[in-house]
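Following: one structure in structure tokens, then a few remarks.
Taken together, the values in this text are just the output of simple stated rules run on the coordinates, not laboratory data. Small disclaimer: the values here were computed from a predicted structure and weren't measured. Every residue, glycine as well, gets a Cβ built from its backbone with ideal geometry; the counts of neighbours run over all protein chains shown.
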Amino acid sequence: MPRPTIAQLCTGTLTVVAAAVALLAVSGATGVLEIVVLVAFSLALGTLATALQMTAARRRPTPVAAGHVPAPRPEYARQL
């Protein structure tokens, strides 16, 4: 499995932080176990975001790899 790029890591980290802050703010959790569960969920969400970005980047074909060949010029275009 290829390593994630810096942009993918930043997206995953931002997802973890934003999800943790939002979940903790909305839920009003006060117990240690509740906070641990919410932070673990946000960590899983950030990992999923990074993994999905990596698979999407791998699926995106480049023009050369996809066999993209420029269309031939018509015969009338070659005349002077």
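Taking 0.36 nm per residue of separation and subtracting the current Cα-Cα distance, fully stretching the chain between Ser27 and Leu48 would add 5.4 nm. Modelled spin labels at Glu34 and Thr5, positioned 7 Å past Cα toward Cβ, are 4.1 nm from each other.
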